[in-house]
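Trainee: Starting off with a structure, shown below.
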Amino acid sequence: MEINTRVRALDYLIEQKAVPGVIETVPSYRALLVYYDPSIVGYDALCTELAALADQATTTTMPPAREVELPCCYDGELGPDLEAAAARLGLSVDDLVRLHAGAEYLVYFIGFTPGLPYMTGAPEQLTIPRLDTPRLKVPPGSVAIGGIQCCVYSVESPGGFWLLGRTPLRLYDPAAAEPILLKPGDRVRFRRIDRREFDDIAARVDAGRFHAVIR
Amino acid sequence: MIRVVDPGPQTTVQDGGRVGQLRYAIPPSGPVDRPSFVLANRLVGNPDGAAALEFTLIGPRLAAEAPCAIAVTGADVPVLVNDAPAAALTTLVLEAGDIVRIGAARAGVRGYIAVGGGLEVPPVLGSRATYLRGRLGGMHGRALARNDRLPIGTAPVPRARTVASTARPRWGGELELRVVLGPQADRFTDEGVATFLSSAYEVLPQSDRMGARLKGARVAHARGHDIISDGIALGAVQVPGDGQPIVLLVDRQSTGGYTKIAAVCSFDIPRLAQAKPGQRVRFSAVDVATAHRLLEESDAALAGVDLEEIAS
């Protein structure tokens with residue numbers, strides 16, 4: 001987590017300084033990919049500048065993280081692996097939900113599919129190997145765990161994580177004015193909801209009448 | 001407006017590309033063969049990055065609803081206007097009602113059709129490029145379909161020009177692709193790197209805008225093929241456990257967990273973009289300084305492409 005914080009701090013510094021020649025940057029767990037235009041800045045010159053910023057990144061204060069609340073329904077068909085995961089972990093279903101929803105997660109970066117967050121923050125008891133056989137199709141909005149990670153699938157895609165529940169929010173909506181919900185560095189909390197509230201929020205999301213709670 | 005009579009197997013709206021969204025796992029998209037795309041736009045008097053069409057292997061059939069100028073570049077394709085042969089790599093002026101038919105590529109894979117004034121589909125996240133997997137941009141996030149109508153910007157009729165024969169690309173044959181080694185070249189054995197740099201790899205039919213899949217001598221890993229996921233640049237060469245390289249392209253995933261032995265230099269991506277399945281490529285390593293020099297030369301060559309005036 002410390003390295004990732006430095007990655008995001010370096011990213012922030014590059015953006016703040018508007019380093020000439022930098023086109024865009026892509027943070028990941030412990031690396032930052034910097035796209036640049038060699039007709040504007042040379043490789044060695046850019047490396048020198050980035051090294052200096054990387055030093056600064058150890059003590060840089062970033063703006064406060066956004067806190068995003070994701071409603072999550074763990075009931076029935078929305079959490080198809082909930083019982084199996086609980087059994088595998090030696091927990092009751094209630095305890096698994098309580099531990100998962102009680103944690104605060106950090107978004108390390110967004111990757112794999114548009115808007116999909118790579119997060120950690122769940123208590124150790126929830127560490128679980130990926131599925132032996134990945135699913136071919138995971139519904140978007142699925143809230144899932146695997147290894148020490150938690151992710152929320154953003155589009156229908158293959159997936160190897162245990163599906164504990166589903167959020168009615170769209171992590172990626174190509175038709176929306178702002179298609180991407182989560183950003184690197186966000187803090188995420190899941191709010192447990194029942195099926196009725198899930199359906200109600202989903203309807204409002206469809207109608208464009210729901211705004212995620214973001215502090 | 002331009003009406004789509006027959007879309008062809010995969011024709012999409014592409015502009016210069018969507019910048020700044022890789023951090024949200026949205027790739028830049030845009031043309032796989034950028035110089036051909038740029039030439040098409042220049043031939044119709046558009047800015048280099050104006051939205052145009054990219055077609056794959058077989059072109060579309062289009063109907064002009066109003067007078068407009070078009071140009072076809074990239075893959076070597078037959079062009080017919082109202083069933084009469086017309087020239088590729090040349091400004092063509094169409095009247096209302098004219099039908100353009102672009103046939104199957106004799107060489108090359110991707111072709112470009114630019115229209116004077118540019119295609120004015122609504123931009124999404126700052127670009128008109130289509131990201132198919134994300135259903136984003138272009139014509140409602142998808143490939144063109146029959147009866148689509150493409151809005152065109154207004155523009156004066158451009159000077160009619162053609163690409164001089166000396167400047168016309170020739171596709172086919174075995175390609176040499178320059179690469180810069182890394183970022184995980186140290187995850188391969190010396191033998192693996194040597195194999196990668198000395199073998200011919202065949203382009204597979206599963207190749208697409210996301211990546212060119214290759215088949216050939218296995219590239220050996222030193223200690224496994226997994227890394228902690230990091231960013232994937234244009235041209236990055238991933239080598240998964242099967243030792244078969246994949247060159248990542250404009251619709252690539254932004255990050256990934258497979259070792260990357262090298263990156264194909266950007267100026268060699270266009271020729272790879274035009275490599276048909278069965279065609280072979282070889283990799284040769286250059287240092288960063290050489291890569292930059294070659295990039296500068298390539299940019300200068302594109303800037304200096306000879307466009308000859310023709311009588312219109």
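Trainee: Wholly within segment A:147-188, which strands (runs of 3 or more DSSP E) include no fewer than the required count, namely at least 3 residues that are closer than 16 Å to residue A:78 by Cβ and away from chain B (no Cβ under 14 Å)?
Mentor: Ranges flagged: A:162-166.
Trainee: Right, something else. Pairs only if they're at least six apart or on different chains, beta carbon under 6 angstrom, first in segment A:186-215 and among the β-branched types (Val, Ile, Thr), second at pLDDT below 95; list them, first residue then second.
Mentor: A:201/A:210
Trainee: Sort through B:41, B:46 and tell me the only one that's farther than 30 Å from residue A:183 by Cα, assigned to a loop (DSSP other than H, G, I, E, B) and modelled with pLDDT of 95 or more.
Mentor: B:46
Trainee: So which of A:71, A:38, A:27 is in contact with a Phe, Trp or Tyr (Cβ under 9 Å, 6 or more places away or on another chain), within 14 Å of chain B (Cβ to nearest Cβ) and not β-branched (Val, Ile, Thr)?
Mentor: A:27
Trainee: If you go through segment B:84-105 one residue at a time, do you hit one that is surrounded by 22 or more Cβ atoms within 10 Å (Cβ to Cβ), under 13 Å from residue B:53 (Cβ atoms) and not assigned by TED's automatic domain parsing to the domain that holds residue B:292?
Mentor: Checked against the condition, which is being surrounded by 22 or more Cβ atoms within 10 Å (Cβ to Cβ), under 13 Å from residue B:53 (Cβ atoms) and not assigned by TED's automatic domain parsing to the domain that holds residue B:292, segment B:84-105 yields at least one hit.
Trainee: Now, a different point. Only one of these is without any contact (Cβ under 8 Å) to a residue 24 or more places away in the chain, within 25 Å of residue A:213 (Cα to Cα) and in contact with a strand residue (DSSP E or B) (Cβ under 8 Å, 6 or more places away or on another chain): A:156, A:178. Name it.
Mentor: Answer to the check: A:156.
Trainee: Moving on. Among the residues in segment A:41-54, are any touching a helix residue (DSSP H, G or I) at 6+ places or on another chain (Cβ under 7 Å), farther than 13 Å from residue A:164 by Cα and more than 12 Å from chain B (Cβ to nearest Cβ)?
Mentor: Yes, the conditions are met somewhere in segment A:41-54.
Trainee: Further, regarding this structure: Testing residue A:209 on (1) out of contact with any Ser or Thr (no Cβ under 9 Å at 6 or more places or on another chain); (2) modelled with pLDDT of 95 or more; (3) charged (D, E, K, R); (4) under 26 Å from residue B:21 (Cα atoms), one condition comes back false. Which one is that?
Mentor: So the condition that residue A:209 fails would be (2).
Trainee: Please tell me if residue B:32 is among the β-branched types (Val, Ile, Thr), surrounded by fewer than 24 Cβ atoms within 10 Å (Cβ to Cβ), modelled with pLDDT of 95 or more and part of a loop (DSSP other than H, G, I, E, B).
Mentor: Here the answer is no, as residue B:32 does not meet what is asked.
Trainee: Hey, among B:114, B:75, B:71, B:63, which residue is under 21 Å from residue B:310 (Cα atoms), of a type outside the set (Phe, Trp, Tyr), touching a residue at least 60 places away in the same chain (Cβ under 8 Å) and in a strand (DSSP E or B)?
Mentor: Answer to the selection: B:114.
Trainee: If you scan segment A:3-19, which residues turn out to be more than 13 Å from chain B (Cβ to nearest Cβ) and within 17 Å of the chain's Cα centre (by Cα)?
Mentor: The one that is more than 13 Å from chain B (Cβ to nearest Cβ) and within 17 Å of the chain's Cα centre (by Cα): A:5.
Trainee: Pairs, please: C-beta under 6 Å, at least 6 apart or cross-chain, first residue more than 10 Å from chain B (Cβ to nearest Cβ) and farther than 30 Å from residue B:131 by Cα and in segment A:95-117, second of a type in the set (D, E, K, R) and outside any loop (DSSP other than H, G, I, E, B)?
Mentor: Every condition considered, the pairs that remain are A:101/A:192; A:104/A:187; A:104/A:189.
Trainee: Can you spot a residue in segment B:131-144 that is more than 14 Å from chain A (Cβ to nearest Cβ) and assigned to a strand (DSSP E or B)?
Mentor: Checked segment B:131-144: no residue is more than 14 Å from chain A (Cβ to nearest Cβ) and assigned to a strand (DSSP E or B).
Trainee: Among the listed residues B:282, B:187, B:252, B:293, identify the single one that is closer than 30 Å to residue A:45 by Cα, outside the structural domain of residue B:110 (by TED's automatic domain parsing), basic (Lys, Arg) and surrounded by fewer than 16 Cβ atoms within 10 Å (Cβ to Cβ).
Mentor: Only one candidate qualifies: B:293.
Trainee: Kindly indicate whether residue B:176 is of a type outside the set (Gly, Ala, Ser), part of a helix (DSSP H, G or I) and exposed (fewer than 15 other Cβ atoms within 10 Å of the Cβ).
Mentor: Against the criterion (of a type outside the set (Gly, Ala, Ser), part of a helix (DSSP H, G or I) and exposed (fewer than 15 other Cβ atoms within 10 Å of the Cβ)), residue B:176 does not qualify.
Trainee: I've got another one for you. Does segment B:21-29 contain any residue that is buried (at least 24 other Cβ atoms within 10 Å of the Cβ), under 21 Å from residue B:77 (Cβ atoms) and modelled with pLDDT of 95 or more?
Mentor: no
Trainee: Then there's this: Is it the case that residue A:209 is basic (Lys, Arg) and either in contact with a His (Cβ under 6 Å, 6 or more places away or on another chain) or more than 24 Å from residue A:98 (Cα to Cα) (or both)?
Mentor: Criteria met by residue A:209.
Trainee: Kindly state which strands (runs of 3 or more DSSP E) lie completely within segment B:194-312 and contain at least 1 residues that are within 14 Å of another protein chain (Cβ to nearest Cβ).
Mentor: Output list reads B:226-231, B:236-238, B:246-248, B:255-258, B:260-264.
The values are calculated or read from the model by the stated rules, or taken from the named source; none is laboratory data. None of these values were measured; they are calculated from a predicted model. Positions of Cβ are backbone-derived with ideal geometry, glycine not excepted, and every protein chain shown enters the neighbour counts.
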